[in-house]
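Shown below is the structure under consideration.
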Amino acid sequence: MNNELFSPVGMPSMGSALKTVGVAIATVAIALGSLSPSRGQEAPTLSQNQPAATPAPPTPPSPEPVPESPPAAPSTPAPVGQPPADEPKVLIAEVVVEGATPELEQLVYQVISTRPGSTTTRTQLQQDTNAIFATGFFADVNAVPRDTPLGVRITFVVRPYPVLRAVQVAGNQVLTQEKVNEIFAPQIGRTLNLRELQAGIEKINTFYRDNGYILGQVVGTPQVDPDGVVTLQVAEGVVEQVTYRFLNKEGEPTKQRTRDFVISREMDTQPGVVLNQKTVQADLRRLFELGLFEDVQVALEPGQDPRKVNLILNIKERNTGSVSAGAGYSSAAGLFGTVAFQQNNLFGRNWKLSAEAQGGTEGEFLFDLSFTDPWIKGDPYRTSYTVSAFNRLTVPYTFSNGPIDVRLANGDFPRINRLGTALFFTRPFTKDRDQVRTAWTGSLGLQYQRVTSLDGGFTRFNTDALGNCLTFPDNGVCRGFNDLFTVQAAILRDLRNDPLRPTSGQVIRLGVDQSLPIGAGSILMNRVRGSYSFYIPVKFLRIEGPQTFAFNIQAGNIFGDLPPYESFTIGGANSVRGWEEGAIGSGRAFVQGTVEYRFPIFNIIGGALFVDGASLLGTQSSVPGQPGIVRGKPGEGLGYGAGLRVNTPLGNIRIDFGWNNQGGSAFSFGIGERF
């Protein structure tokens, strides 16, 4: 026999037969909502009793078919190449398997093609060795030939992997041991199979991808000890550093205006956490909602630790200051002009400063100055506060728009001037930033007003032409002015799917104002008010776009003292359409309801059908001076009609036309849906 041709045939060590590929994290630039690095595919090997080096995060392995244990033998072993035509052949007398359990021994016989009584070559033995390795159950395989009187005996000396007792992971933060146990539970207690282990590894990589951990994967060579415990090294893509780069419109570095803390407090992605695509997208959404940035792009760069990543935000800031002027006409103010200033990022702290002045030819004048810090620095509950000062001279609807025209003694309209200041705090009742929009939100504040009744020439009038007090009497005397100190509290919960154009969900608002009997009039008043809205998606028309039934009910009551200018006034665009503003009346209590059917028409145009109704519950007579009764207002009313909604960057422009139950009609205009 030519025994040189049949020196032992084996396989190289698994470390060189199968290999993993480590790749450094490439620099990746992503747009909003895009964060998907490329992934390669290659199978890992098992390394026994050798420490694994710490590689850079690799691309995740691709899944291979998971065989049953033992797998069915292939019908024909895959060839590794065509043998040379003159390759020597020998007669096989016996084929023996050593080192395997009876079950695995039968598996080897099924996958090899070398049979007693047939001839074989060195190439065929190599094919058989490969086929045995391909079952995944063996760490080492050698084909050893021996001469016998009847021919050559081939002994396949195999070393199976140990029985799998446990799989553990190293380098993990988000992947729990419980999840690993769940994935590998079907394999525990059985002989370790490389192909089944690979399938489990792919399930781990799938877990990372499905949960947004786009850099998370098993890396390096799985370690298996003689007791059957496999250790998998994972690299999850821990954020090493978050950096902000401010760019101009041309993409070149520019001076930073917004402070770092304004950005970082909106982000859950911080150094030390595992990078998550869903979390980054939520971070970007909150940054855009600040209204301070034109664009925010995300890039990834390798960290100093190759298993970690640096997150780069490339930020383009927008102009946050504005000055505007305008003019218009209204029945109350006549011709009027408006000048306004607004800065939404004062000193780069996201502080908001605004000032507005408006004057009209009919003697109306308004001035408002306000400052808001939308999130007090360091507060975990996102508490905000607003400080304001104002002077508002208006013709209140309490004293106008009735069938009977009751004016001042000089024939002018009664006006109410409110000069005051206020401080309000607002906060959501949750620390979870993802729940802020839908959580209960509360506000608490203090407001002071000096309220004076005037004419258009700023002359004080204590009563109207009929002698009715225009302010709350002070010790029974109409003095024409009051001091009104109020503590105001409110809670809100908004569960609508879209605050601007809701089609489903609900929102509830409750508020209470308590005045303190200080100053002129010594007013002791308590006002409570509530509103509830809900939305039901419907499909009445065969047209594209959302259709919705919207419902709203409101009610309120005032206890104690009641200045006439503080009474509930109903009728008009934000109350009962089809009536002029305040034309239904003014009372101590009210209830109001609305039903709307909203539907698209085409492009940016939508439509609405509505029915509104309200009642003052017979309380007009309890208002000092009875301003609604003396002007002939009915105290209750119904309105119905239709309207258009024009979708603009400012929100929906609302144009409604309605008829009322007394035969009248009215147009009404507004910005945004009523509720």
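Six or more apart or on different chains, Cβ under 6 Å: which pairs go from a residue in the stretch 577-595 that's over 22 Å from VAL630 (Cα atoms) to one that's modelled with pLDDT under 95 and assigned to a loop (DSSP other than H, G, I, E, B)? Could you list them?
none
Table: residues versus (1) over 23 Å from SER533 (Cα atoms); (2) buried (at least 19 other Cβ atoms within 10 Å of the Cβ).
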residue	(1), (2)
PHE429	no, no
SER443	no, no
THR452	yes, yes
ALA465	yes, no
ALA490	no, no
ARG493	no, no
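Evaluate the following for LEU353: is it modelled with pLDDT of 95 or more and under 28 Å from GLY578 (Cα atoms)?
No: the conditions fail for LEU353.
Which condition number in (1) free of Cβ contacts under 8 Å to residues at least 60 places away in the same chain; (2) surrounded by 20 or more Cβ atoms within 10 Å (Cβ to Cβ) is the one that LEU393 fails?
All conditions are met except number (1).
State which residue is nearest to ASP368 (Cα to Cα) when the search covers only the stretch 417-431 and only residues that are among the polar types (S, T, N, Q) and in a strand (DSSP E or B).
Among those that are among the polar types (S, T, N, Q) and in a strand (DSSP E or B), it is THR421.
Restricted to the stretch 348-361, and to residues that are surrounded by fewer than 18 Cβ atoms within 10 Å (Cβ to Cβ) and touching a residue at least 60 places away in the same chain (Cβ under 8 Å), which residue is farthest from the chain's Cα centre (by Cα)?
Top of the filtered list is GLY348.
Mind telling me which of the residues ILE629, ILE655, ILE584 ends up being more than 30 Å from PRO473 (Cβ to Cβ) and touching a strand residue (DSSP E or B) at 6+ places or on another chain (Cβ under 9 Å)?
ILE655
Same structure again: Run ASP434 past the list (1) in a loop (DSSP other than H, G, I, E, B); (2) in the same structural domain as SER515 (by TED's automatic domain parsing) and report the number of the one that doesn't hold.
All conditions are met except number (1).
Another question, if that's okay. Looking at this structure, is GLN343 modelled with pLDDT of 95 or more and either under 30 Å from THR394 (Cβ atoms) or surrounded by fewer than 19 Cβ atoms within 10 Å (Cβ to Cβ) (or both)?
Yes.
Further question: Are any residues in the stretch 362-372 crowded, with 17+ Cβ neighbours inside 10 Å and farther than 17 Å from THR338 by Cα, and if so, which ones?
The one that is crowded, with 17+ Cβ neighbours inside 10 Å and farther than 17 Å from THR338 by Cα: THR372.
Considering only residues that are buried (at least 21 other Cβ atoms within 10 Å of the Cβ), more than 28 Å from ALA550 (Cα to Cα), modelled with pLDDT of 95 or more and not hydroxyl-bearing (Ser, Thr, Tyr), which ones fall in the stretch 616-675?
GLN620, VAL623, PRO627, GLY628, ARG631, LYS633
Using beta carbons and a limit of 7 Å, which pairs, at least six apart or on different chains, have the first residue in the stretch 469-494 and of a type in the set (Asp, Glu) and the second one in a loop (DSSP other than H, G, I, E, B)?
Listed pairs, sorted by first residue: ASP474/ALA520; ASP474/GLY521; ASP483/ILE518; ASP483/GLY519; ASP483/ALA520; ASP483/GLY521; ASP494/ARG437; ASP494/THR438.
Is it fair to say ILE601 is in contact with a Lys or Arg (Cβ under 9 Å, 6 or more places away or on another chain), of a type in the set (Val, Ile, Thr) and closer than 18 Å to ASN652 by Cα?
For ILE601, the condition - in contact with a Lys or Arg (Cβ under 9 Å, 6 or more places away or on another chain), of a type in the set (Val, Ile, Thr) and closer than 18 Å to ASN652 by Cα - is met.
Pick out the one residue from ARG307, ARG382, ARG407 that is over 23 Å from GLN256 (Cα atoms), at pLDDT below 90 and surrounded by 15 or more Cβ atoms within 10 Å (Cβ to Cβ).
ARG307
Filter the stretch 582-608 down to the residues that are of a type in the set (A, V, I, L, M, F, W, C), more than 32 Å from the chain's Cα centre (by Cα) and assigned to a strand (DSSP E or B) and list them by number.
ALA589, PHE590, VAL591
Has the stretch 653-666 got at least one residue that is touching a residue at least 60 places away in the same chain (Cβ under 8 Å), assigned by TED's automatic domain parsing to the domain that holds SER586 and in contact with a Pro (Cβ under 6 Å, 6 or more places away or on another chain)?
no
For the stretch 453-563, give me every one of the strands (runs of 3 or more DSSP E) that falls completely inside it and has 3 or more residues that are closer than 25 Å to SER400 by Cβ and not assigned by TED's automatic domain parsing to the domain that holds PHE602.
So the answer is 481-494.
Given the criterion modelled with pLDDT of 95 or more and closer than 26 Å to GLY628 by Cβ, identify the matching residue among ILE491, ILE523, ILE508.
When all the criteria are applied, what remains is ILE523.
Residues of the stretch 374-416 being closer than 30 Å to ARG265 by Cβ, in a loop (DSSP other than H, G, I, E, B) and touching a Leu at 6+ places or on another chain (Cβ under 9 Å), which ones?
PRO374
Looking at the stretch 552-560, can you tell me whether even one residue there is surrounded by 18 or more Cβ atoms within 10 Å (Cβ to Cβ), without any contact (Cβ under 8 Å) to a residue 40 or more places away in the chain, within 29 Å of GLY505 (Cβ to Cβ) and in contact with a Leu (Cβ under 6 Å, 6 or more places away or on another chain)?
Among the residues of the stretch 552-560, not one is surrounded by 18 or more Cβ atoms within 10 Å (Cβ to Cβ), without any contact (Cβ under 8 Å) to a residue 40 or more places away in the chain, within 29 Å of GLY505 (Cβ to Cβ) and in contact with a Leu (Cβ under 6 Å, 6 or more places away or on another chain), which makes the answer no.
Moving to a separate point now. Could you grab the pairs with beta carbons closer than 8 Å, sequence gap of 6+ or different chains, first residue in the stretch 163-180 and within 16 Å of LEU197 (Cα to Cα) and assigned to a loop (DSSP other than H, G, I, E, B), second one modelled with pLDDT under 95 and among the charged types (D, E, K, R)?
LEU164/ARG190; ARG165/ASP227
Restricting the stretch 561-587 to residues that are closer than 11 Å to GLY635 by Cα and touching a helix residue (DSSP H, G or I) at 6+ places or on another chain (Cβ under 7 Å), which is surrounded by the fewest Cβ atoms within 10 Å (Cβ to Cβ)?
Filtering first and then ranking leaves GLY582.
Here's another thing I want to ask about it. Would you mention how many residues in the stretch 183-192 are of a type in the set (Val, Ile, Thr) and surrounded by 21 or more Cβ atoms within 10 Å (Cβ to Cβ)?
1
If we scan the stretch 629-636, do we find a residue that is part of a strand (DSSP E or B) and either touching a Gly at 6+ places or on another chain (Cβ under 8 Å) or within 27 Å of MET525 (Cα to Cα) (or both)?
yes
Considering every residue within the stretch 605-622, establish whether at least one is touching a residue at least 12 places away in the same chain (Cβ under 8 Å), in contact with a helix residue (DSSP H, G or I) (Cβ under 7 Å, 6 or more places away or on another chain) and over 30 Å from GLY505 (Cα atoms).
Yes, some residue in the stretch 605-622 is touching a residue at least 12 places away in the same chain (Cβ under 8 Å), in contact with a helix residue (DSSP H, G or I) (Cβ under 7 Å, 6 or more places away or on another chain) and over 30 Å from GLY505 (Cα atoms).
The values are calculated or read from the model by the stated rules, or taken from the named source; none is laboratory data. Nothing here was measured: the structure is a model prediction, and the numbers come from that model. Using ideal geometry, Cβ is built from the backbone for each residue, glycine included, and neighbour counts are taken over all protein chains shown.
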